[in-house]
Amino acid sequence: MLANKIRINRFLVKPDSSELSEDIIAVEEPLQISLSQGDHSEVFSLTMRTPGDDKQLVYGLLFTEGVITDADQIMDLAISNDDHLPEANLITAKLSEQLKLDLAANVRRHASYSGCGLCGKTSLAALELKARKDHKPVKQLLDSELIKTFKALLAKQPLFSETGGVHAAGLIYEKQGKLDLANSPFFEDVGRHNALDKLIGHELITNKLEQAGILVLSGRIGFELVQKAVTAGFSTIIALGAPSNLAIQAANQFDIVLVGFAKDERFNLYTAHDERLALR
């Protein structure tokens, strides 16, 4: 279940004016992710997310955290229950024994909440970007038509339309020099980093992150989202919201085209552009 109906008092602007009605609320539940290899098992992370597409979330999170570099390194995902967690909120990823990994060193020992994709990190050194997919440059023209395409993809947010309480991440594929909106993958979650991990996990599973495209985000652009984009090999990010200064620095460092405030017929370009990018 992605959304719940609850009864609320809806207050109007006029004093002493209210009515009892129903509101639809996005669901947020914990997901405990464990890793197993051979006879050894460790809890990797506890994250707050919107249930649904949990397989993609696990694959994307383990990839962006540098635990795996390929979908084939996860042999199985086991879903189980726990008395202290809601049903089906425990997932164990069985890793290939060929994968050289120190499980204890990869454990994130603190909960990751829906508003923060970096919670549980113990030092700035842990934020260093790990092995990355090669960038897949997109030859695009940044103009009002592209923004309309971007807006059309975000208009597909069914859960946001119902609740107003989730973030979205999608990928506008580029095929033979044209943008393919019809087949664009799209994911929603209460956590912006979860939505992006679901997208990355989907791309890792379906095409090994080899498909070029434009990453679109529904909210602000934090450093951790740019980090995940770089790790996955995306070369262009377009978002409705604003970037942080660290997000801009990271995008420039790794040659990411970073666009924010993409609304109607205007947008802000925050990074240096080159021959990959034409503006009009």
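The values are calculated or read from the model by the stated rules, or taken from the named source; none is laboratory data. These numbers come from a predicted model, not from an experiment. Quick reminder, even Gly has a Cβ in these numbers, built from the backbone with ideal geometry, and neighbours come from all protein chains shown.
Before moving on, here are some points about what is shown:
- Residue match in segment 58-74 (condition: surrounded by fewer than 15 Cβ atoms within 10 Å (Cβ to Cβ), farther than 19 Å from residue 228 by Cα and modelled with pLDDT of 85 or more): yes
- Residue ID - farthest from residue 187 (Cα to Cα), chosen from residues in segment 233-272 that are of a type in the set (Gly, Ala, Ser) and in contact with a helix residue (DSSP H, G or I) (Cβ under 8 Å, 6 or more places away or on another chain): 272
- Applying the condition of being at pLDDT 80 or above and of a type in the set (A, V, I, L, M) to segment 153-176 and asking which residue is farthest from residue 221 (Cα to Cα) yields 159.
- Which listed residue is surrounded by 19 or more Cβ atoms within 10 Å (Cβ to Cβ), under 23 Å from residue 68 (Cα atoms), outside the structural domain of residue 56 (by TED's automatic domain parsing) and touching a helix residue (DSSP H, G or I) at 6+ places or on another chain (Cβ under 9 Å), from 216, 230: 230
- Counting only strands (runs of 3 or more DSSP E) that sit wholly inside segment 141-231, those with at least 1 residues that are among the basic types (Lys, Arg) are 167-175, 178-180.
- Scanning segment 140-176 for residues that are out of contact with any strand residue (DSSP E or B) (no Cβ under 6 Å at 6 or more places or on another chain) and under 18 Å from residue 209 (Cα atoms) gives 175, 176.
- Here residue 198 meets the list (1) free of Cβ contacts under 8 Å to residues at least 24 places away in the same chain; (2) within 15 Å of residue 168 (Cβ to Cβ) almost entirely, failing just condition (1).
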